[in-house]
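As structure tokens, the structure follows; a few thoughts come after it.
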Amino acid sequence: MIRIDSVTKRYPDGTVAVDRLSLDIPDRAITVLVGPSGCGKTTTLRMINRMVEPSEGGILLDGKDIRQQPVNTLRRSMGYVIQNAGLFQHRTILDNIATVPRLLGRPKQQARARAAELMERVGLDTALAKRYPYQLSGGQQQRVGVARALAADPPVLLMDEPFSAVDPVVRKGLQDELLRIQSELGKTIVFVTHDIDEAIKLGTMVAVLRTGGRLAQFAPPAELLSAPADPFVEDFLGADRGIRRLSFFPTTELELQTAPVVAVDAGAEQLASRAGAPYLLVTDLDGRPLGWSEPDRLTAGAVDTDRLLPYGRPFVPGTDSLRTALDGAVLSPTGWAVAVDGEGRAVGVVSQQVIGEAIRTAHSRVAEQAAEHAAGQAEVKAG
Amino acid sequence: MNVLDFAHAFFSDTAHWHGYDGIPTRFAEHVRYSLEALLIAAAIGLPVGLLTGHYGRGGNTLALLATAGRALPSFGLLVLMFIWIGFGLLPVMIPLVVLAVPPILVTTYEAIRSVDPSPVDAARGMGMPETRVLLQVEVPVALPLILSGLRTAAIQIVSTATIAAYVSLGGLGRYIIDGLYQKDYEKVVGGATLVAGLALVTLAIFWAAARLTVSPGVRRGT
């Protein structure tokens, strides 16, 4: 565990970048430091590998003051990823990744073999090994940056706004990749960003810092969204935190209806039996959704697929959250969301009303859990 | 007779190709003076430029020294040193080195200063010692500029080393100065042609050195 213990960073000109900050950063989880510019998040991160020395307070790594070991030994035990990757343009991709193993004195061949292994791990084609950084796209360079940080298999990974210089599509890919890598490697990651959505997506714990380097709230993302500590955090979370919170509610218990789903070759009898539903979802012969239609507009055996209403974005029950399901329902003019399996075949449909009930159920469950938790705490105290 | 005729007459005279005043001897002397001056200038200019560039300090002092160095007339300095020190290589080396240090020093300083700070930050953050940050991260990227400073210095030395002949030393300047004195224009043109040729060879050597030492990742568009 990394314990930041009442750390202050004051610069000679009097500006205070970090003000008596204390944080316990859990092992094998992603802790995100987020806040507006000037909130000291990068300074805090850079104090962990002593790129910046605190004016007051100290930082403990597994109970030991980080100043007890030589600074370069400390840094080599922590992966470091920065914005724009900071690759060495005169070295090939492979040699960039092999940097820290080489610093640790590993033989060249061994370091390069390890580097090639890491290229695969971060989703880079090993054909790029002999290329130079300028021949890679921004997203690829950032992957190299992550691979380089992981090369010596450090237990800790420090990431300073690593994805903020790439476009949103590439950024999403990099975030998903980071979550996948983290699920495989289980590093202690400290991640700095100014993007609250990124913080909520990646963080196991999120520390919101306010200007002047003071901690506003330190909580798991779901708690941040449901119970922001003060107006600053609430404001920073943005207007749609209620919707975003739905990302943490599962779709496993949504009751799907299969009756309104018909195949494109449905016969007259089948159509007649479904006439009670306000809308029918028409699928192709493999079961993939094509669109919605009012039942009386459908002609048996000859569905005009051009006249179907759009069905929004389908969700995968159990995998996607209620947010995705609600989004699908809101996107479709019928107000119904389409559930599909992994192959994209329709497995049922669900209305906005049903999703709404599921949301209320989820809320009350969270409230119950909080109450139980509070009761438990009270008992502990009473005992 | 025109310049080409003079040059032709000079180079086709077999007497000019051997002996203590032959072309090979004078050429070798000229190369030796130039190399020595360049090495001394580099030994002063490179370390100072690298360190000041790396730590980002002393830029103004450097600019001042460089301007002063450039303002000093080499020929005047030579005569002064000659009067002061007397015969020998030293009074020749001093003006040549004074001439060559500023371009090496200032370009090296600028080259290191202009290296993208983010790889340097990444290198430090990964636990790379400062000397390695300088030599393995900054220098390889700054190398094309550093080489261009050395090249400028080398060419200035090659062309200015002719003044060594004024203080009775050898080198290709011998032909120019003796020729002028003897009103032997073949000799003057021949000597001047050789100096110009050597300057071009110097250019070619630096071009080749850049091809060999600068990483393809840094060279890219150039």
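Taking the stretch B:111-222 and the helices (runs of 4 or more DSSP H) fully enclosed by it, the elements with 1 or more residues that are modelled with pLDDT of 95 or more are at B:117-125, B:139-160, B:185-213. When the stretch B:40-71 is filtered for residues that are outside any helix (DSSP H, G or I) and surrounded by 14 or more Cβ atoms within 10 Å (Cβ to Cβ), only B:GLY58 remains. Residues in the stretch A:339-383 that are surrounded by 12 or more Cβ atoms within 10 Å (Cβ to Cβ) and farther than 21 Å from A:PRO317 by Cα: 1 in all. Any residue at all in the stretch B:124-144 that is touching a strand residue (DSSP E or B) at 6+ places or on another chain (Cβ under 6 Å) and either surrounded by fewer than 21 Cβ atoms within 10 Å (Cβ to Cβ) or farther than 23 Å from B:ALA210 by Cα (or both)? Yes: the stretch B:124-144 contains one or more residues that are touching a strand residue (DSSP E or B) at 6+ places or on another chain (Cβ under 6 Å) and either surrounded by fewer than 21 Cβ atoms within 10 Å (Cβ to Cβ) or farther than 23 Å from B:ALA210 by Cα (or both).
Return a yes/no flag: does the stretch B:15-32 have any residue that is surrounded by fewer than 17 Cβ atoms within 10 Å (Cβ to Cβ), free of Cβ contacts under 8 Å to residues at least 40 places away in the same chain and of a type in the set (A, V, I, L, M). Checking the stretch B:15-32: at least one residue is surrounded by fewer than 17 Cβ atoms within 10 Å (Cβ to Cβ), free of Cβ contacts under 8 Å to residues at least 40 places away in the same chain and of a type in the set (A, V, I, L, M).
Is it the case that B:PHE75 is away from chain A (no Cβ under 14 Å) and part of a helix (DSSP H, G or I)?
Working: away from chain A (no Cβ under 14 Å): yes; part of a helix (DSSP H, G or I): yes.
Against the criterion (away from chain A (no Cβ under 14 Å) and part of a helix (DSSP H, G or I)), B:PHE75 qualifies.
Residue selection: B:ILE104 fails the criterion of being away from chain A (no Cβ under 14 Å), assigned to a helix (DSSP H, G or I), surrounded by fewer than 24 Cβ atoms within 10 Å (Cβ to Cβ) and among the β-branched types (Val, Ile, Thr).
Identify, please: which residue in the stretch A:273-315 is of a type in the set (Asp, Glu) and in a helix (DSSP H, G or I) and is, among those, surrounded by the most Cβ atoms within 10 Å (Cβ to Cβ)? It would help to see each step written out before you state the result.
Narrowing the stretch A:273-315 to residues of a type in the set (Asp, Glu): A:284, A:286, A:294, A:296, A:304, A:306.
Now restrict to residues that are in a helix (DSSP H, G or I): A:296, A:306.
Details: A:ASP296: 9, A:ASP306: 6.
Ranking the qualifying residues of the stretch A:273-315, first place goes to A:ASP296.
Can you confirm whether the stretch B:174-196 contains a residue that is of a type outside the set (A, V, I, L, M, F, W, C), touching a His at 6+ places or on another chain (Cβ under 9 Å) and within 14 Å of another protein chain (Cβ to nearest Cβ)? Within the stretch B:174-196 (the criterion being of a type outside the set (A, V, I, L, M, F, W, C), touching a His at 6+ places or on another chain (Cβ under 9 Å) and within 14 Å of another protein chain (Cβ to nearest Cβ)), the answer is no, since none of the residues qualifies.
With respect to A:THR193, is the statement that it is crowded, with 16+ Cβ neighbours inside 10 Å and away from chain B (no Cβ under 14 Å) true?
Working: crowded, with 16+ Cβ neighbours inside 10 Å: yes; away from chain B (no Cβ under 14 Å): yes.
For A:THR193, the condition - crowded, with 16+ Cβ neighbours inside 10 Å and away from chain B (no Cβ under 14 Å) - is met.
Hey, can you tell me all the residues within the stretch B:140-161 that are over 30 Å from A:ARG76 (Cβ atoms) and in contact (Cβ under 8 Å) with a residue 60 or more places away in the chain?
Result: B:PRO144, B:LEU147, B:GLY149, B:LEU150, B:ALA153, B:ALA154, B:ILE157, B:VAL158, B:THR160, B:ALA161.
Residues being of a type in the set (Lys, Arg) and farther than 23 Å from B:ASP13 by Cα: count how many of those fall in the stretch B:175-222. Of the residues in the stretch B:175-222, 3 are of a type in the set (Lys, Arg) and farther than 23 Å from B:ASP13 by Cα. Of the listed requirements (1) in contact with an Asp or Glu (Cβ under 7 Å, 6 or more places away or on another chain); (2) within 14 Å of chain B (Cβ to nearest Cβ), A:ILE93 misses just one: (1).
Look through the stretch B:113-139, keep the residues that are of a type in the set (Ser, Thr, Tyr) and without any contact (Cβ under 8 Å) to a residue 24 or more places away in the chain, and return whichever of them is nearest to the other protein chains (Cβ to nearest Cβ). Even if it seems obvious, please write down each step before you answer.
Residues of the stretch B:113-139 that are of a type in the set (Ser, Thr, Tyr), as a first pass: B:114, B:118, B:131.
If we keep only those that are without any contact (Cβ under 8 Å) to a residue 24 or more places away in the chain too, we end up with B:118, B:131.
On the way: B:SER118: 4, B:THR131: 12 Å.
It comes out as B:SER118.
Taken over the stretch A:330-383, residues that are touching a residue at least 40 places away in the same chain (Cβ under 8 Å) and in a helix (DSSP H, G or I) amount to 7. Among the residues of the stretch A:57-86, those that are out of contact with any Ser or Thr (no Cβ under 9 Å at 6 or more places or on another chain) and either hydroxyl-bearing (Ser, Thr, Tyr) or facing chain B (nearest Cβ under 7 Å) (or both) comprise A:ASN72, A:THR73, A:ARG75, A:ARG76, A:SER77, A:TYR80. Exactly one residue out of A:VAL206, A:VAL170 is surrounded by fewer than 21 Cβ atoms within 10 Å (Cβ to Cβ) and among the aliphatic types (A, V, I, L, M), and it is A:VAL170.
Scanning the stretch B:9-39 for residues that are in contact with a helix residue (DSSP H, G or I) (Cβ under 8 Å, 6 or more places away or on another chain), among the aliphatic types (A, V, I, L, M) and either modelled with pLDDT of 90 or more or not in a helix (DSSP H, G or I) (or both) returns B:ILE23, B:VAL31, B:ALA37, B:LEU38. Based on this model, can you work out whether B:ILE85 counts as touching a helix residue (DSSP H, G or I) at 6+ places or on another chain (Cβ under 6 Å), free of Cβ contacts under 8 Å to residues at least 24 places away in the same chain and farther than 16 Å from B:GLY173 by Cβ? Yes, satisfied. The set of residues in the stretch A:33-92 that are farther than 21 Å from A:GLY186 by Cβ, in contact (Cβ under 8 Å) with a residue 60 or more places away in the chain and in a helix (DSSP H, G or I) comprises A:LYS41, A:THR42, A:THR43, A:THR44, A:ARG46.
When you scan the stretch A:96-168 for helices (runs of 4 or more DSSP H) that lie fully inside it, which ones turn up with 2 or more residues that are over 25 Å from A:GLU198 (Cα atoms) and more than 26 Å from the chain's Cα centre (by Cα)?
On the way: elements: A:99-103, A:108-121, A:138-150.
Result: A:99-103, A:108-121.
Against the test of being within 14 Å of another protein chain (Cβ to nearest Cβ), in contact (Cβ under 8 Å) with a residue 12 or more places away in the chain and out of contact with any Pro (no Cβ under 9 Å at 6 or more places or on another chain), the options A:PRO155, A:PRO162 yield a single qualifying residue, A:PRO162. On the given criteria, is A:GLN142 surrounded by 24 or more Cβ atoms within 10 Å (Cβ to Cβ), away from chain B (no Cβ under 11 Å) and either in contact with a helix residue (DSSP H, G or I) (Cβ under 7 Å, 6 or more places away or on another chain) or farther than 20 Å from A:LEU185 by Cβ (or both)? Yes: the conditions hold for A:GLN142. Can you work out which of the residues in the stretch B:203-220 that are touching a helix residue (DSSP H, G or I) at 6+ places or on another chain (Cβ under 9 Å), without any contact (Cβ under 8 Å) to a residue 60 or more places away in the chain and away from chain A (no Cβ under 14 Å) is surrounded by the most Cβ atoms within 10 Å (Cβ to Cβ)? Per the criteria, the residue is B:PHE206. Residues in the stretch A:208-257 that are among the β-branched types (Val, Ile, Thr) and in contact with a Leu (Cβ under 8 Å, 6 or more places away or on another chain): 4 in all.
The values are calculated or read from the model by the stated rules, or taken from the named source; none is laboratory data. The structure presented is a predicted model; accordingly, all values stated were derived computationally and were not measured. Note: ideal-geometry Cβ built from the backbone for every residue, glycine included; neighbour counts use all protein chains shown.
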